[in-house]
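Following: one structure in structure tokens, then a few remarks.
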């Protein structure tokens, strides 16, 4: 398990940061033998990582708070604001005559936005459960 920074957003969602340190799992010592005339010289080579390669498992080295929200929560907030605006328009249009078509269109927009919000909320929940941030 290699060590990474972790960021905790204002919405309590998490995000992996930069790689910080290799773990001991991949740093197994391997012995290599070299022949110099009649003598055999052994040499221990360590670490066994290639450039940019990690073991694939993540552990938190340091956790840092961030003031902004994650991308998914920002999208959810934006879509919820759009839903509120459409609802305000519908309330205003109901007081005016000849606005039935506009009201229907706004209701369809609200329905679409609500589906997108639900999809984003499910995505956020699945990310929080899986630790893949």
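Under the shape rule built on the C-alpha gyration tensor, where the axes satisfy a ≥ b ≥ c, the stretch 71-130 is prolate, since a/c reaches at least 1.5 and a/b is greater than b/c. Label-to-label distance for residue 102 and residue 115 is 2.5 nm, based on points extended 7 Å past Cα in the beta-carbon direction.
Taking other Cβ atoms within 10 Å as a rough exposure proxy, 64, 7 sort from fewest to most as 64, 7. Placing R0 at 25 angstrom, the Cβ-Cβ distance between residue 62 and residue 126 gives a FRET efficiency of 0.45 after rounding to 0.05.
Cβ-to-Cβ counts within 10 Å put 130, 82 in ascending order as 130, 82, the fewest first. For residue 91 and residue 24, the difference between the fully extended length at 0.36 nm per residue and the C-alpha to C-alpha distance is 17.8 nm.
Bear in mind these aren't lab numbers, they're just calculated from the coordinates by the rules spelled out. Quick caveat, the model's predicted, so the values are computed rather than measured. Quick reminder, even Gly has a Cβ in these numbers, built from the backbone with ideal geometry, and neighbours come from all protein chains shown.
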